[in-house]
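Notes follow once the structure below has been shown.
The values are calculated or read from the model by the stated rules, or taken from the named source; none is laboratory data. Everything quoted here is computed from the prediction, not taken from an experiment. A quick note on method: Cβ atoms are made from the backbone with ideal geometry, for glycine too, and the neighbour counts reach across all protein chains shown.
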């Protein structure tokens with residue numbers, strides 16, 4: 001693993017909604033926003049946000065992030081590009097986790113926060129690392145590669161043809177990889193609109209809910225009537241989502 005800190009002008013830059021540290025993990029831009037607390041809890045609980053693409057996280061997340069920071073919870077993420085949950089993206093996630101836990105004193109278990117296609121990366125990594133996940137939250141998260149972005153578009157990130165990705169889909173698709181999370185009793189909370197045309201409820205969060213229930217995993221799915229895949233403030237100012245994270249983050253510092 002190669003880690004770079006902000007030592008010179010050549011290091012990565014990223015605009016964040018709150019002051020934080022920007023650094024490189026294996027050549028990828030990562031960030032860490034830590035709470036300003038007099039006596040930080042060790043190990044520090046944290047929220048892992050995705051997708052960390054250009055401009056994300058942005059202004060929409062400020063309301064949530066402010067409440068996490070006030071509660072003593074750090075926020076971090078890494079830009080792995082349009083990896084759609086691919087093995088290479090998962091390896092970069094593992095590198096970030098190792099760095100944050102060993103070098104910054106963050107808790108082994110993270111609270112995952114997936115916005116839209118961030119769900120593919122976070123769920124794919126979580127399925128292979130359930131012991132490192134305290135809880136999973138999602139704002140209309142993508143959980144089904146076939147639904148979004150579709151196999152032809154995703155296949156490049158997996159270095160497979162669309163036909164081969166289809167044949168191997170169960171090995172990579174979040175909706176098919178819930179058993180390890182259910183066995184670990186990882187709590188899940190999604191908020192999703194019933195009018196979402198980009199990430200349809202029935203092909204994503206609703207499938208997760210039905211299958212996770214069947215596996216005995218704890219999940220809450222809040223369905224918002226009349227809302228689609230948009231910037232409605234209610235997605236990003238969900239007190240229920242924030243309360244869910246705060247509740248479980250207190251148990252993550254171990």
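Numerical summary
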{"item": "Residue, farthest from residue 138 (Cα to Cα), within segment 202-227, restricted to residues that are in contact (Cβ under 8 Å) with a residue 40 or more places away in the chain and buried (at least 18 other Cβ atoms within 10 Å of the Cβ)", "result": "207"}
{"item": "Residue check for residue 243: under 19 Å from residue 119 (Cα atoms) and at pLDDT 95 or above", "result": "no"}
{"item": "Tabulated pairs, segment 231-254, first under 20 Å from residue 35 (Cβ atoms), second modelled with pLDDT of 95 or more and assigned to a helix (DSSP H, G or I), C-beta under 7 angstrom, 6+ apart or interchain", "result": "236/60; 236/61; 236/63; 236/64; 237/63; 242/64; 242/67; 245/68"}
{"item": "Residue in segment 129-138 that is over 24 Å from residue 214 (Cα atoms), in contact with a strand residue (DSSP E or B) (Cβ under 6 Å, 6 or more places away or on another chain), assigned to a strand (DSSP E or B) and modelled with pLDDT of 95 or more present", "result": "no"}
{"item": "When residues of segment 26-69 are limited to those that are within 14 Å of the chain's Cα centre (by Cα) and in a loop (DSSP other than H, G, I, E, B), the one surrounded by the most Cβ atoms within 10 Å (Cβ to Cβ)", "result": "57"}
{"item": "Which listed residue, of 253, 182, is modelled with pLDDT under 95 and crowded, with 18+ Cβ neighbours inside 10 Å", "result": "253"}
{"item": "Breaking point among (1) buried (at least 24 other Cβ atoms within 10 Å of the Cβ); (2) assigned to a loop (DSSP other than H, G, I, E, B), for residue 108", "result": "(1)"}
{"item": "Residue match in segment 216-225 (condition: within 28 Å of residue 109 (Cα to Cα) and out of contact with any strand residue (DSSP E or B) (no Cβ under 9 Å at 6 or more places or on another chain))", "result": "yes"}
{"item": "Single residue of segment 147-161 satisfying the filter (in a helix (DSSP H, G or I) and surrounded by 13 or more Cβ atoms within 10 Å (Cβ to Cβ)) that is nearest to the chain's Cα centre (by Cα)", "result": "154"}
